[in-house]
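These notes are about the structure you will find just below.
None of the figures in this text is laboratory data; all of them are computed from the coordinates on show. Here the structure is a predicted model, which means the values were calculated and not measured. Counting neighbours? That spans all protein chains shown, and the Cβs are built from the backbone with ideal geometry, glycine included.
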Amino acid sequence: MPKEEINNLALRRTLYFPSGEIYASAPSGFWEFGPIGEAIRRKIVAVWRKELVEREGMIEIGGSQILPEDVFKASGHLESFNDPIVQCKKCHSLFRADKLIAEKVDGIVPESLATTELDKLIDEHKVQCPKCRGKNFEEVRKFNMMMGLQIGATGDQPAYLRPETCQSIFCDFRRLYKSSRQELPLGIAQAGKSFRNEIAPRNTLLRQREFGQMEIEVFFNPDKINDVAHFEDVKDYKLNLMLLKTGKLGKVSCSDAAKKKIVSGKLVAYYLARVQQLYEKLGIPLEKMRFRELDNDERAFYAKETWDFEVETDLGWVELMACNHRTDYDLKGHAKQSKQDLSVTEEGKKFVPHIFELSAGIDRAFYVILDLSFRKEKRGKEERIYLKLPAAIAPYLSGVFPLVKKDGLLEKAEEIAQTLREHQFDVFFDEKGSIGKRYARVDEIGVPYAITVDYDTMKDSTVTLRERDSMDQKRIAIEKLPETLWLLSLEKKTFKEL
Ligand code: GAP
């Protein structure tokens with residue numbers, strides 16, 4: 001769906017809006033989430049936690065957002081977390097050099113190209129300034145994207161806002177390994193905010209300066225990369241892989257991906273399968289997904305193998321998750337900088353664990369889900385907008401509406417809403433406006449079911465249950481509501497089967 005439609009909906013229903021918007025001085029790239037947006041965002045994280053973290057027996061931590069400079073010396077971010085930037089000589093606007101060239105040549109330009117190579121490409125392709133059409137640029141230079149701060153009154157303790165949530169997982173590994181099963185593979189997860197001084201934040205939630213990440217770091221013994229407990233469960237499951245060598249998208253079973261060494265081992269194939277399944281649960285159609293294999297010059301400085309999980313949207317393919325084989329790069333770096341031993345001993349052998357990372361953006365997933373679930377339909381003269389969200393990430397499972405406020409209908413509806421809340425269901429209560437308008441209001445934010453209390457309710461203790469997508473309605477006994485909603489929300493029954 002065009003981004004204007006999505007942003008209109010976001011602003012109309014306060015899903016998200018610019019931070020500090022009452023001040024003209026507010027910098028771009030920072031966004032607030034209103035009650036409905038935050039509810040959807042929270043539920044996306046909850047599905048990730050249930051489907052990956054908990055089902056895979058991983059552990060989850062809550063690390064600090066501010067970490068000392070030493071962490072980023074060890075991680076390589078101080079040295080290498082740079083974007084190439086270029087300034088227009090005429091209007092002085094700054095741009096990401098790789099993106100500027102990519103727009104002109106309509107392809108991918110690796111950000112890791114040497115600055116001199118990027119200068120050459122700007123000349124060769126006669127790139128112009130998108131703002132003033134100027135043709136002359138300063139030389140491309142590297143710009144470190146971390147946001148720094150000084151800690152304490154004397155300000156002599158340099159620190160940084162974390163540019164990725166995973167660094168505290170690496171620093172905490174030894175303690176977490178000792179206090180858990182002391183067995184590899186060990187998956188450690190964290191969801192929270194990360195910060196990057198993006199030169200050109202754009203497309204609202206897709207490129208921000210402060211954004212949500214949900215990351216998983218799987219620590220494993222490199223000699224046992226093919227020793228995966230539940231591989232049988234996914235061996236025939238097909239991955240949508242876009243391979244470097246062919247540039248084409250194809251379906252490859254997990255066992256073929258491992259056997260033919262398309263991926264570096266069964267462990268990688270296994271987690272790629274779990275990622276694909278996770279996003280299916282989040283409502284993204286399989287045919288819109290792909291794992292794109294990255295080339296040497298496209299990968300982050302810490303990765304020896306990367307599969308970007310991408311989804312096709314109205315804005316093109318958007319990367320939602322980076323699946324990185326980080327080897328022992330991180331633990332070795334932190335061991336050297338901190339002078340601590342971060343190796344483990346298993347079966348008499350001492351080694352530094354390797355890491356396979358599943359690094360996902362929360363807000364990017366949120367935006368892409370809005371893009372793919374947005375529906376606009378004409379029914380006669382009426383136009384209807386609804387979000388076809390899976391129940392698991394809808395802001396509320398149901399809306400409860402009294403047809404009118406008099407004759408005891410309001411009180412009855414309040415009683416039903418309260419009972420549903422006691423059964424742990426999210427309920428949106430609305431007694432204002434015509435019933436048609438109330439349906440439209442919940443459709444637009446993706447609430448899958450609406451419950452209407454009318455005069456028949458007072459006679460026979462039944463309500464109307466309406467399904468968002470089909471707009472079909474059924475009469476249901478009040479006492480059956482919790483069980484019915486439970487069956488529908490877990491997809492154990494369809495609305496038709498009720
Ligand atoms: N720890 C590895 C890492 O952070 P990344 O590819 O830089 O890898 C992972 O980021 C994910 O975080 C991306 O796939 C994307 O979903 C999200 N992300 C990265 N930069 C972002 C930004 N500026 N705004 C919104 N989301 C971003």
Taking 37 °C and 0.692 mPa s as the conditions, I'd like the Stokes-Einstein D for region 396-497 in µm²/s, using the Kirkwood hydrodynamic radius from alpha carbon pairs. 245 µm²/s
Write down the Å³ per residue value for the convex hull defined by the alpha carbon atoms of region 87-235. 219 Å³
One finds, for residue 106 and residue 383 with R0 = 35 angstrom and r their Cβ-Cβ distance, a FRET efficiency to the nearest 0.05 of 0.50
When 1/r is averaged over all different Cα pairs and the result inverted, which Kirkwood radius in Å belongs to the chain? 25.3 Å
Taking a ≥ b ≥ c as the square roots of the Cα gyration tensor eigenvalues, with a/c under 1.5 meaning rounded and otherwise prolate when a/b beats b/c, else oblate, which class fits region 1-89? oblate
Rounded to 0.05, the calculated FRET efficiency for the beta carbons of residue 253 and residue 469 at R₀ = 25 Å is 0.20
Could you line up 334, 354, 92 from fewest to most neighbouring Cβ atoms inside 10 Å? 92, 334, 354
Under the 0.36 nm per residue contour assumption, what length would be gained going from the current alpha-carbon distance of residue 496 and residue 151 to full extension? 118.2 nm
Hits in region 404-420: amide N under 16 Å from the 7 Å Cα→Cβ extension of residue 460, namely none
Provide 307, 31, 317 in ascending order of the number of other Cβ atoms located within 10 Å of each residue's Cβ, fewest first. 317, 31, 307
Which ordering of 164, 198 is given by a fewest-first count of other beta-carbon atoms within 10 Å? 198, 164
For q = 0.09, 0.20 Å⁻¹, what log10 I(q)/I(0) does region 273-395 give under the Debye formula with an equal point scatterer on each alpha carbon and no solvent? -0.40, -1.09
With a bin width of 10 angstrom, please list the P(r) values of region 26-159 as percents of all Cα-Cα pairs, from the 0 bin to the one holding the largest distance. 10, 24, 24, 28, 14, 1
By how many nm would the segment from residue 200 to residue 42 lengthen if fully extended, with 0.36 nm per residue of separation less the alpha-carbon distance? 54.2 nm
Which chymotrypsin sites (Phe, Trp or Tyr not before Pro) does region 237-285 hold that lie in a coil by DSSP with at most 15 other beta carbons within 10 Å? none
When all Cα-Cα pair distances of region 317-456 are considered, the percent exceeding 27 Å is 51 percent
Mean separation of Cα contacts under 8 Å (6+ apart) over length of region 1-130, as relative contact order %: 11 percent
Assuming R0 = 35 Å, what is the FRET efficiency of residue 410 and residue 375, from their Cβ-Cβ distance, to the nearest 0.05? 0.65
Quick shape summary for region 83-144, equivalent ellipsoid via Cα gyration tensor, semi-axes whole Å in descending order, reads 16, 13, 10
For region 169-239, would you read off the P(r) tail past 20 Å as a percentage of all alpha carbon pairs? 55 percent
Taking region 355-404, the whole-percent share of alpha-carbon pairs separated by over 14 angstrom is 69 percent
So which cysteines of the chain have no other cysteine's Cβ under 4.7 Å from theirs? 166, 171, 254, 323
Ranked output for segments 202-213, 445-456 by mean other Cβ atoms within 10 Å, highest leading, reads 445-456, 202-213
Go through region 13-109 and name the GluC sites (Glu not before Pro) that are in a DSSP coil and have 16 or fewer other Cβ atoms within 10 Å of their Cβ. 21
